[in-house]
Structures are given as C-alpha cells and as structure tokens.
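Undergrad: Got a structure here, written out as structure tokens. Questions coming.
The values are calculated or read from the model by the stated rules, or taken from the named source; none is laboratory data. Please read all numbers here as calculations on a predicted model, not as lab measurements. When we count neighbours, we look across all protein chains shown, and the Cβ atoms used for this are built from the backbone with ideal geometry, even at glycine.
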Amino acid sequence: MKALFIGGTGNISAACSRLALERGVDLHILNRGRRSRSELKDATFITGDFSDAKKLGQLLKGERFDVVANFIAYTPAEVERDIQLFHEKCDQYIFISSASAYQKPPTHPVITESTPLANPFWDYSRNKIACEDLLTRAYRQTGFPATIVRPSHTYETVIPVAIGSWEDFTIVDRMRKGKKVIIHGDGTSLWTITHSDDFAKGFVGLMGHSFHITSDELLNWNQIYQSVAEAAGVELKAVHVASDFICREADKIGEEWIRGNLLGDKANSVIFDNSKIKRFVPGYVATIPFREGIKRTVEWFDAHPERIRIDEKNNALLDAVLNAYGC
C-alpha cells in the first residue's frame, strides 16, 4: 500500500506513521520539515507549504496513492484544496475531524457515529463540521472517496488537561512548584483520553467509513489531574471552579478561546461507543491506561529539557481565575 500523510510527525500522526511503516506501508509524508524525522527514517519525506496549492500540485505531479490522510486540515478552504488536488490521485482520502464536533450539550451520554454534529460554542468544532459537510457533498456529487475520523483528546507529546497546558509543560511545572491548579466544575464529569499509539491501531486499519477512535477507559477530571500529578511526582493541589466563572474571567484577559474549550467540549460527560471501529478493525483495543501513558509523556519532556516550555499566558490565566475566586 502506498500512502501519503499530510502532517505525519505530530502528536497524533507520528504514532500512525510509525505503525504504518511497521506494517510495510510505502509511506510518504508531506510537511514543512520543522519536526524531527529520525524515528521515521524509512518514510519518504516531501517538504512543502500546504497553503500553496499550485506548488503542492507540482510536488505531487505524476503521483498516485492508495490512501491520503490529512492530519492538519481545519477549514473548508483547506479541504476544498484537497478535493481539487487529490480527486484523481487517491483511492481513499482520510480527513481527521474531531469528536468535539458531536452535539454539545449531548442529549445522550453515549456517543456513536450517528450522534448529530452540532457545537454552537466553538469555532474549531464548527469548522470541522463544515469540512465534513463539504466532503459528504463531494462524495455524493463526484464520488470523492472520503473517510472521516474523529479523535477525542488524544495525547503522546502533549499534557491533556482541560486548562493550563497542551504542548507546553506549564501545568506540571506549577504542580512541581506546589502551586494550585484549576479543575473546572467539581471534576466529576466523565471524559475519555486516548494515547496516540492506541489511536494508531484503529487508524491504520480503516477503510471507507466515518469513525471515532478512542480508548474505552472512562475517567473523571479529578482522576485525570491526579494522574498528571502522580506522573509529575508531586501532591495535587486543585481548586474546583465552575466553568462559567472560569470563562468570564478568561474573557476579561482576552482568552476567549477558553469558552469554546470548556463550554463547547469539556464541561459535559462523554462516553464513546467504539463498536463500529471494532467491527471494521478486528482486534482493535486500546491498551495504554492513562496513568501509564501520562507517565510516558512526562518522562518524554523530562528527558530533553529543550522540550520543556512554560507558557506564561497559561500561568496568567490560572492565576487570574484563582485570584478572582479568592484563592
């Protein structure tokens, strides 16, 4: 099988690239060449600017792929570019959407691929929905071979908390310094976090349908933050703050994105039904519990000090909310 991954070296996609290579895929990776490629030395790298459709067409002239997967398309314009570019160059186009596109707030706590797509709170999610709509129309009108995948809070090289970190190390740094961190609400809403290696098992086996791929492990936010603190080797000092209060204070300091992140995604309990991916990818099962996976992630940061980046905007956000809350 010959495949093209657009991205291919990121938090989710690197694990998919590793597994595809292990399974003998002739893998080509198109990206800007800004991330390390050493662990993917058997892949063929194509360096290019995704925003320049004309140059991309020249780079890929004469190429045809069994599978094209775009891990970094976020807007309908980017998907429209891909439809034009790959409509005669691939047998399957996989779009990485997001489980945040599912109905918020949900009318039923168990999410399946048939759950409606509607998120009035978050532009990111609405753009992903618009991309899916565009691909669905392209399939119906021209037979464009689209497959849609919806990851939910997948991690390997990021710290997957609700607020306070993502690609940066801020939340672990605060914990190690004995500072307080914020858990939205009372921390008891249920959530699903999936390690990228587990996501890759489902992804590499996909053919021709829309899926979400998540772990079956259910955790509440108290357990998630407790596991991060244990991985950091410190005692958790958490303050529970209502999501609405957090969003109001975030708005005051120009961090309006928090509103979509919390109210449009993480303020509700969500349980994913993975029956569909298990039918289409026999033997798929997530095997990395969060307590183990997050230890790997913290160790990955600790092993290379240059990876440890403290985001002062995250510190300012947490401190502003804690001060307003009287802590």
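Undergrad: Could you run through segment 79-98 and say how many residues are modelled with pLDDT under 90 and either assigned to a strand (DSSP E or B) or touching a Gly at 6+ places or on another chain (Cβ under 6 Å) (or both)?
TA: Within segment 79-98, residues that are modelled with pLDDT under 90 and either assigned to a strand (DSSP E or B) or touching a Gly at 6+ places or on another chain (Cβ under 6 Å) (or both) number 0.
Undergrad: In addition: Considering 310, 258, 246, which residue is of a type outside the set (Phe, Trp, Tyr), within 30 Å of residue 120 (Cα to Cα) and modelled with pLDDT of 95 or more?
TA: 246
Undergrad: Would you point out which residue out of 139, 74 is surrounded by 14 or more Cβ atoms within 10 Å (Cβ to Cβ), free of Cβ contacts under 8 Å to residues at least 12 places away in the same chain and under 20 Å from residue 6 (Cβ atoms)?
TA: 139
Undergrad: Wholly within segment 99-214, which helices (runs of 4 or more DSSP H) include no fewer than the required count, namely at least 2 residues that are modelled with pLDDT under 95?
TA: Result: 123-142, 196-204.
Undergrad: Counting only residues that are in contact with a helix residue (DSSP H, G or I) (Cβ under 8 Å, 6 or more places away or on another chain) and in a loop (DSSP other than H, G, I, E, B), which one in segment 284-308 is farthest from residue 186 (Cα to Cα)?
TA: Top of the filtered list is 284.
Undergrad: Another question, then. Given the conditions (1) among the basic types (Lys, Arg); (2) under 17 Å from residue 82 (Cβ atoms); (3) within 25 Å of the chain's Cα centre (by Cα), which single one is not true for residue 55?
TA: Single failed check for residue 55: (3).
Undergrad: Another one. Can you pull out every residue in segment 287-319 that is within 21 Å of the chain's Cα centre (by Cα), farther than 29 Å from residue 253 by Cα and not hydrophobic (A, V, I, L, M, F, W, C)?
TA: 287, 289, 291, 292, 293, 295, 296, 297, 299
Undergrad: Of the residues 72, 94, 129, only one is more than 30 Å from residue 243 (Cα to Cα), within 18 Å of the chain's Cα centre (by Cα) and not aromatic (Phe, Trp, Tyr); which?
TA: After applying the criteria, what remains is 94.
Undergrad: Out of (1) assigned to a helix (DSSP H, G or I); (2) in the same structural domain as residue 183 (by TED's automatic domain parsing), the odd one out for residue 254 is which?
TA: Unmet for residue 254, out of (1) assigned to a helix (DSSP H, G or I); (2) in the same structural domain as residue 183 (by TED's automatic domain parsing): (1).
Residue-wise test of (1) acidic (Asp, Glu); (2) outside any strand (DSSP E or B).
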| position | (1), (2) |
| --- | --- |
| 11 | no, yes |
| 18 | no, yes |
| 24 | no, yes |
| 30 | no, no |
| 45 | no, no |
| 49 | yes, yes |
| 54 | no, yes |
| 57 | no, yes |
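Undergrad: Just to verify a result, which residue in segment 166-197, among those that are more than 13 Å from the chain's Cα centre (by Cα) and farther than 18 Å from residue 235 by Cα, is surrounded by the most Cβ atoms within 10 Å (Cβ to Cβ)?
TA: Here the residue is 184.
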